[in-house]
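The values are calculated or read from the model by the stated rules, or taken from the named source; none is laboratory data. Keep in mind that what you see is a predicted model, and the values were worked out from it rather than measured. Note that we place each Cβ from the backbone using ideal geometry, even for glycine, and neighbour counts take in every protein chain shown.
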Amino acid sequence: MAARFLSKSSSGSSLLGALGTSLVGVGSVARQTTSKLTYSDIFFQQQRTFVQMGTKLKVVDNSGAKRVMCIQALKSKKGAKLGDIIIGSVKEAQPRGKVKKGDVVYGVVVRAAMQRGRCDGSHVRFDDNAVVLVNKQGEPIGTRVFGPVPHELRKKKHVKILALAEHIA
Amino acid sequence: MRLEKCWFCSSTIYPGHGIQFVRNDAKIFRFCRSKCHKNFKMKRNPRKVKWTKAYRRLHGKDMTQDSTFEFERKRNRPQRYDRINTEKVLQAIPKISKVKATREKAHITKRLSVGKINRKKGDRRELEQSISLVKAPSVLKEDATLTLPKQKVTVSYAQTENTPMEE
């Protein structure tokens, strides 16, 4: 099962040595505007999967961190989806912030490239993987949230993040 | 429940269908099916893709301006529920769509009628000029019923004056 997820990893994230094999992510090729579906077109139609161990996520609040690498997706063996909580390690941080590089933090996935089904039958998907850092109680560490957030957070009881959001998708 | 329009092909998206893509600038793109979604990912411009409504409207293939489109404008103001109003609207919707369909059909037949006339003209010309490929001219001379009646074509005198003299 792990091998299957390796093959489906999104480009840009390299799965770590703990899992053994390393896979060259199928990167997005320059997009063509021909009308026929060529060989290279198939390569950038990516198969998006869960946020799992090793996934690098963008931090979209002002807590100080810039990038976080997921080390554990809570509540699911497969991985985290939109609205789930993950444990991450801060890989890149701003010099003066509430968190430093190397910290282990909790985060809520607010944007996921993998589509999530809504209760009315539709699916939503975002452009990138983004996370908002929270503490163990689920309250955000930062004071601002950038970019759109889904209203799936309301069901997951992350009301504070919704209150800080500038746009709810 | 709201019936949305597909961003790429402009068809209606019924509940339970399609994917919604939210870009980081908070713009939402809705697609009716994966065909439209994949075309969007390929960065194709719907105005250049022949089967979309955007192309057809832009190139005058489909009706663009009509009073029936006014009924379908998106109004963001929520309306208080009024039973009589709702009943009237539900009765009016099939009538409006019928009128719209007939008008669209009329637009298309009007657009295609020009080609029909030209094709007929071309057929007549071909018949007059190349009938010798089918029947021998001597046979045509004997039997008057086999030739088309001669058509009178009025030529304005101004045209004949402007034609240059043949050397």
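A few comments on the model shown:
- Selection of segment A:71-84 for residues being surrounded by 18 or more Cβ atoms within 10 Å (Cβ to Cβ) and either modelled with pLDDT of 95 or more or charged (D, E, K, R) (or both) yields A:K81, A:D84.
- Condition met for A:V124 (in a strand (DSSP E or B), within 14 Å of chain B (Cβ to nearest Cβ) and not small (G, A, S)): yes
- Selection of segment B:12-29 for residues being within 17 Å of A:P148 (Cα to Cα), more than 7 Å from chain A (Cβ to nearest Cβ) and not basic (K, R) yields B:D25, B:F29.
- A:G83 being of a type in the set (G, A, S) and part of a loop (DSSP other than H, G, I, E, B): yes
- Top-ranked residue of segment A:129-149 - restricted to ones that are of a type outside the set (A, V, I, L, M) and surrounded by 15 or more Cβ atoms within 10 Å (Cβ to Cβ), ranked as modelled with the lowest pLDDT: A:G138
- Checked against the criterion of being within 14 Å of another protein chain (Cβ to nearest Cβ), within 28 Å of the chain's Cα centre (by Cα) and surrounded by fewer than 14 Cβ atoms within 10 Å (Cβ to Cβ), the candidates B:R33, B:R47, B:R75, B:R111 yield just one match: B:R47.
- Screening A:V68, A:V104, A:V159 for residues that are of a type in the set (V, I, T) and surrounded by 17 or more Cβ atoms within 10 Å (Cβ to Cβ) leaves exactly one candidate, A:V68.
- Summed over segment A:127-161, the residues that are in contact with a Leu (Cβ under 7 Å, 6 or more places away or on another chain), over 18 Å from A:K75 (Cβ atoms), more than 14 Å from every other protein chain (Cβ to nearest Cβ) and not in a loop (DSSP other than H, G, I, E, B) give a count of 1.
- Test: residue in segment A:88-97 that is part of a strand (DSSP E or B), touching a residue at least 40 places away in the same chain (Cβ under 8 Å) and either within 24 Å of B:V22 (Cβ to Cβ) or of a type in the set (F, W, Y) (or both): yes
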